[in-house]
Amino acid sequence: MRPWPTAFASGLIAAALLASASSEPYDGNWWKGQRIRRQEGFIAGVDDCLSFERKPSVKLHFCTISEGRKLLNDFYSVESQRGAAVIEALQMIRGQDCDSTPAPGASVWSEPHGYYDGMWWTGSPPGDKERGFLEGFIACLPNGGSQYPKGIDHYLSAIDDWYATGSEDRIYDKIPDVLAKFRQDAKAKEDPR
């Protein structure tokens, strides 16, 4: 067991790293103030992170992102639960397994990060959906996203620039893979940001 001062100092360092990764608390009070597209983007980012970046992976099991948003809104309608972090709340209210059999003719993605690529990103001007995705994904990372200290706006712009080059190859790059190019410890070869 660590002596109290050492444990306290370690806790302060961990708190500082989390604070540097995001100035947002991402709790129920934050959630209630967001637009639907940002909420749904946040859930998508958290779900993608939990599925592919955490070990063991965790699935939220919502049949749709909208279902997850509605369940989370119900959870946060109880005032005493609004202090709970969104990521923990999502894991508490995970949906039940739904019929995952794709409809005839539906697209199926078997690779990591599914359809979260440049087509999803550029489907609309970067805004609430993309911001929410990055916020949820980065906040969910095992280290609290400390390797992304520059703020969401920096990474929104960097990813948008990545896809805006018009290169057909880049449109299929997965958003988390593009984000990783701009990590603090990454040596981005294609984009020197």
Pairs, please: C-beta under 8 Å, at least 6 apart or cross-chain, first residue within 15 Å of His154 (Cα to Cα) and in the stretch 165-185, second aliphatic (A, V, I, L, M) and in a loop (DSSP other than H, G, I, E, B)? Ala180/Ala186; Lys181/Ala188; Phe182/Ala188
What pairs come out if I take residues in the stretch 46-62 that are in contact (Cβ under 8 Å) with a residue 12 or more places away in the chain and pair them with residues that are buried (at least 16 other Cβ atoms within 10 Å of the Cβ) and β-branched (Val, Ile, Thr) whose C-beta lies under 6 Å away, six or more apart or interchain? Val46/Ile87; Leu50/Val58
Against the definition (at pLDDT 90 or above, more than 13 Å from the chain's Cα centre (by Cα), farther than 17 Å from Arg38 by Cα and acidic (Asp, Glu)), how does Asp160 come out, yes or no? no
Can you tell me which residues in the stretch 159-187 are buried (at least 18 other Cβ atoms within 10 Å of the Cβ) and part of a helix (DSSP H, G or I)? Ile159, Trp162, Tyr163, Ile175, Pro176, Val178, Leu179
How about the stretch 84-104: which of its residues are at pLDDT below 95 and not in a helix (DSSP H, G or I)? Ile93, Arg94, Gly95, Gln96, Asp97, Cys98, Asp99, Ser100, Thr101, Pro102, Ala103, Pro104
Within the stretch 124-152, track down each residue that is touching a Lys or Arg at 6+ places or on another chain (Cβ under 9 Å), surrounded by fewer than 20 Cβ atoms within 10 Å (Cβ to Cβ) and more than 15 Å from Gln184 (Cα to Cα). Ser124, Gly127, Asp128, Pro142
Those residues of the stretch 35-64 which are at pLDDT 90 or above and either farther than 16 Å from Ala139 by Cα or of a type in the set (Phe, Trp, Tyr) (or both), in sequence order: Arg35, Ile36, Arg37, Phe42, Phe52
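Return the residues of the stretch 26-62 that are part of a helix (DSSP H, G or I), of a type in the set (S, T, N, Q) and surrounded by 14 or more Cβ atoms within 10 Å (Cβ to Cβ); say none if nothing qualifies. Don't jump to the end; show me each part of the working.
Our first condition is that a residue be part of a helix (DSSP H, G or I); within the stretch 26-62, this holds for 28-32, 36-52.
With the extra rule that they be of a type in the set (S, T, N, Q), the set shrinks to 29, 39, 51.
Once the filter is applied, which keeps residues that are part of a helix (DSSP H, G or I), of a type in the set (S, T, N, Q) and surrounded by 14 or more Cβ atoms within 10 Å (Cβ to Cβ), the stretch 26-62 yields Gln39, Ser51.
The values are calculated or read from the model by the stated rules, or taken from the named source; none is laboratory data. Treat the numbers as computed from the prediction; the structure is a model and nothing was measured. Methodologically, a virtual Cβ is constructed for each residue, glycine included, from the backbone with ideal geometry; neighbour enumeration extends over all protein chains shown.
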